[in-house]
Amino acid sequence: MHQSWITPARDSSSLARSFGLAFVVFGLSLFANRCEAETLTEAQELFRTGDYAKCAEVAALQIVDGTYSEEWHLLKLESELMLGRYAETAKTLETAKKKFPNSIRVLWLERKVHRFNGESSKSDEVLAEIAARIERSSYLYRNAESMLVIGKFFLAIGADAKDVRIDAFQVIQQRAPSFAGGYIAAAELALSKNDYALAAEDFQKALKIEADNPRILYGLARSFEPSDAEQASQYLNRALEINPHHIPSLLLVAEKHLEGERYDETEKVLQQILKINPSQPKAWAIRAVLAHLANDPQRESFCRDYALKHWKDNPEIDYLIGKFLSRKYRFAEGAAAQRLALAFDSKYLPAKLQLSNDLLRLGNEEQGWKLAEEVFEADNYNVVAHNLTTLRDHMQQFRTLKSGGFVVRMDAREAEIYGPRVLEILKEAKQALCEKYNVELNETIAVEIFPRQQDFAIRTFGLPGGAGFLGVCFGNVITMNSPASQGNSPSNWEAVLWHEFCHVVTLTKTRNKMPRWLSEGISVYEEGLKNRSWGQSISPSYRQMILGEDLTPVSRLSSAFLRPPSSEHLMFAYYESSLVVEYIVDEYGIDALRAILDDLGRGLQINDAIARHAAPLEEIDSGFEEFIRERAEAFAAGADFATENLPERADSAGWKAWLEEHPDNFWGLQRYAVSLIREEQWEAAREPIRRLLQLTPEFASSGSPLMMEARVCRELGETDREFEVLQQLAELNSDSIDVYRRLTELCSEREDWKSVIANTQRILAVNPLLPEPHRVLAEAGERSGDREAAIRGLQTLTLMDPFDPADVHFRAARLLEAEGRIDEARKQLLLALEEAPRYREAHNLLLSVIEQSRQRRYPPPPPKPEEIE
């Protein structure tokens, strides 16, 4: 046989060099044997619309009648494979090979037939036979369909994917522009490499040729899934309208239900698939995942075995099981599944790449990065592998901070500026939250903070994107955007870090076995308990969503995070989840919440855990709905939130007239006030603002009357009232730098240095990379005698290219000397003199510091006894 031939990494490249990928396209014709029979078109239509059994039946009749067209044999093979009639495919294959001994298309399908009949080793022999055919009889394979097989063959033996795309698939597209197969093959190749944009482009070209091809529509759904969920859903629905039995599309529907924790719906779709093909391996793989999530190891093992019943060493099965488990944050279990996949095929790159990501998320960075590099070396077209290896180069420039069971990696400059504060917050959060939830952290927690949003996205998701995420926790690993990556409107990074560390605690307690809504809900809830301005609070838009149609029952709350219609809907999912946690704690106590988490860690389902320690989920759903609706109705209870009759456009006079008939309409009052402020009618603006404050006294988000009141007071010179309003805003808003900055100015004028320090710290909690708050902090510390604050401000300021660095270093040295930190003071003085060598005061202080250092090193001997009177 040909067993000595196949060593893909070497032989595929030598084969490609011997006669090139493009050689078979010379003189390309669209089809070798165009079948004109009307019945073939009808049979292909049966296959396209999902009547596989009828299609196989018609094809069998034609074969028996002795028709001379390989299309009938191929159609019968494809139909039987789709139906899971694997034993029959072997017979069909034998007949086809006898009648068409030179067909490379039949030979290509032979690989799949062997695999699903438990003969994987023979599939390798088929590759060797295809190679021999190409070398020996390339002139036979100049039609488009055969060329597609040759391109796929080169991919199977490890040829460079980009070369295959260019030298095979693109050549087919050029020579046969009306043949959809060339575009489909190129698109599916791009999709397998996570190149979604390129895949979408090729699929759309194919769609122009075959507008009703479910395979193309499914491919488009996959291509748009990461970037445009609505568009993806439209393509998927269209595919299933044409072919309700299209198994890849049904598997995607099941996958979406699985991600949304709609497990009953997942099973229903799997049953649909298994009616078509009772042995469909991917459907059984998903069933194994469902069993794992239900803590049923016996059924999980049964489902996995059934998925491998026919193709016993199929690496895709464990790869899929592991991938779906990892999406449920079961990274250790996911990694174990990928190792099983790689035991079947050590060169199966999807499993190796997924294992790389799993290990990185588990904190096993050395092995994780190594695997990513191996994948990239084997396949430099793989977008995720390329991104990860590039990211690794960037992260090698990071600085590492270690303390108290934490390892923090961040940009070197940022580490000097606010790295100590990161460790301080983590230490505080660990003490507070681990004690509250009875959790002991036995492993080191890694925190990675990225100054570039793209790097954060690649580390977290493998691909650029994820613009709505500030941080992500995988269990023992936290990834975060730094303030540098968030543009002009950064969020409070201290709140984000507290939130993400809370995930560490709850994921550890549950062994990563908790629904997303509960994990997020507890983190947002704990934010609000830590700091009133953190977390989330009700707003006019949230009120409308609660009382409208946007409230999601607790039993389906995780789905609200998956495909939210807007960023506001996503934030509302966080808010609603936090209120569910508040409701459970208020109604049933914190012990009930802890017990629910314990049960989840033992493998119980969320519904059962809640029922054991609180109430059945149906009762929770109804009780929570009443609870949240009461809160919504209590917010601005006297306001009218109707929008039906709002004018589309109006000036202040128009709004004033409209409000005469709608005096308490929130939206009208808000827009009237905005119009008056825009027109600089400060006194007139007081009236609608005053009414808004009566209706919503603690609303502090965008469009808040408190913001408008502060602006009006400032314009009218009412500093005391402005100060009062700004203080209220600062207590309610976690990331309003303008508010904190203005408060700092007013407190400085009043020489209230303690308040100046407090407000600069609020600014630094949002953006510690701004020089000004550090300068103000230093000055306030010096004036108030708070040396620690002054030293912190001055030392950080030295890293930010200050206007007079010598002065900054000298002031820091003076304070350090007064604190007895002699060595640090000497370092600052030397830096000051490096900037200004003739700085007399620095010279004098340096002499003093040197003398103090000498005395510490060589203290005078104690007096002799005779010298003591």
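Rg/Rh for segment 213-256 (Cα atoms only, Rh after Kirkwood) is 0.92. Angle between the Cα long axis of helix 315-327 and the longest principal axis of the chain, 0 to 90 degrees, nearest 10? The answer is roughly 20 degrees.
Placing +1 on the Cβ of every Lys and Arg and -1 on the Cβ of every Asp and Glu, with nothing else charged, gives the chain a dipole about its Cα centre of roughly 3160 debye.
Across segment 257-394 the C-alpha pair distances fall into 5 Å bins from zero in the proportions 2, 11, 19, 21, 18, 13, 9, 6, 1, 0, 0 percent. Counting only Cα atoms, the size of segment 298-360 along its three principal axes is 33, 26, 12 Å, in decreasing order.
Along the positive direction of the dipole of segment 597-729 (beta-carbon charges: Lys, Arg +1; Asp, Glu -1; about the Cα centre), which of ALA673, GLY638, PRO663 reaches farthest? Of ALA673, GLY638, PRO663, it is ALA673.
Lysine pair count for segment 207-295 (Cα-Cα distance under 22 Å; residues 8 or more apart in sequence or on different chains): 4.
Between the helical axis of 753-766 and the longest alpha-carbon principal axis of the chain there is an angle of about 10 degrees. Projecting the Cα atoms of ALA288, PRO464, VAL447 onto the charge dipole of the chain (Cβ charges, centred on the Cα centre) puts ALA288 farthest toward the positive pole. Using equal-weight Cα scatterers in the Debye expression, the normalised intensity of segment 187-292 in log10 at q = 0.17, 0.19, 0.22 Å⁻¹ is -0.79, -0.96, -1.17. Per residue, the convex hull around the alpha carbon atoms of segment 808-853 comes to 52 Å³.
Residues ASP804, ASP586, sorted by accessible area with the largest first, give ASP586, ASP804 [1.4 Å probe; ligands and nucleic acids excluded]. Semi-axes of the equivalent ellipsoid for segment 327-373, computed as √(5λ) from the eigenvalues of its C-alpha gyration tensor and ordered from largest down, come to 15, 13, 7 Å. The tail of the calculated P(r) for segment 104-195 beyond 14 Å holds 66 percent of all Cα-Cα pairs. Give me the net charge of ASP807's neighbourhood, meaning all other residues with Cβ under 15 Å from the Cβ of ASP807; Lys, Arg count +1, Asp, Glu -1. With Lys, Arg at +1 and Asp, Glu at -1, the neighbours total -2. Divided by 2.2 N^0.38 Å, where N counts the residues, the Cα radius of gyration of segment 365-497 comes to 1.10. Computed from the Cα positions only, the extents of segment 629-760 along the three principal axes stand at 50, 37, 19 Å, in decreasing order.
Treating only the Cα positions of the chain as identical point scatterers, give the base-10 log of I(q)/I(0) from the Debye formula at each q in 0.08 Å⁻¹. Normalising to I(0) and taking log10 leaves -0.89. Shown here is the pair-distance distribution of segment 391-452: with all Cα-Cα distances grouped in 5 Å bins from zero up to the longest one, the shares run 4, 17, 27, 21, 14, 10, 6, 1 percent. Farthest toward the dipole's positive end in the chain, which of SER578, ALA343, LEU140, given Cβ charges of +1 (Lys, Arg) and -1 (Asp, Glu) about the Cα centre? So the residue we want is LEU140.
Output the relative contact order of the chain, whole-number percent, from Cα pairs under 8 angstrom with separation of 6+ residues. Relative CO of the chain lands at 6 percent.
Assuming 1.567 mPa s and 4 °C, estimate D for segment 454-522 with Stokes-Einstein, Rh taken as the Kirkwood radius over Cα pairs, in µm²/s. Answer from the Stokes-Einstein relation: 102 µm²/s.
Rolling a 1.4 Å probe over the protein heavy atoms leaves MET410 with an accessible area of roughly 0 Å². Legend: residues SER178, SER356, SER848, sorted from most to least accessible area (1.4 Å probe; ligands, DNA and RNA excluded), read SER178, SER848, SER356. For segment 509-585, the alpha carbon convex hull comes to 102 Å³ per residue, rounded to a whole number. Axis of helix 349-362 versus longest Cα principal axis of the chain: the two differ by about 20°, to the nearest ten degrees.
The values are calculated or read from the model by the stated rules, or taken from the named source; none is laboratory data. Since this is a predicted model, take the numbers as computed values, not measurements. Every residue, glycine as well, gets a Cβ built from its backbone with ideal geometry; the counts of neighbours run over all protein chains shown. Accessible surface areas use protein heavy atoms only, side chains included; no ligands, DNA or RNA. Shrake-Rupley method; radii C 1.70, N 1.55, O 1.52, S 1.80 Å.
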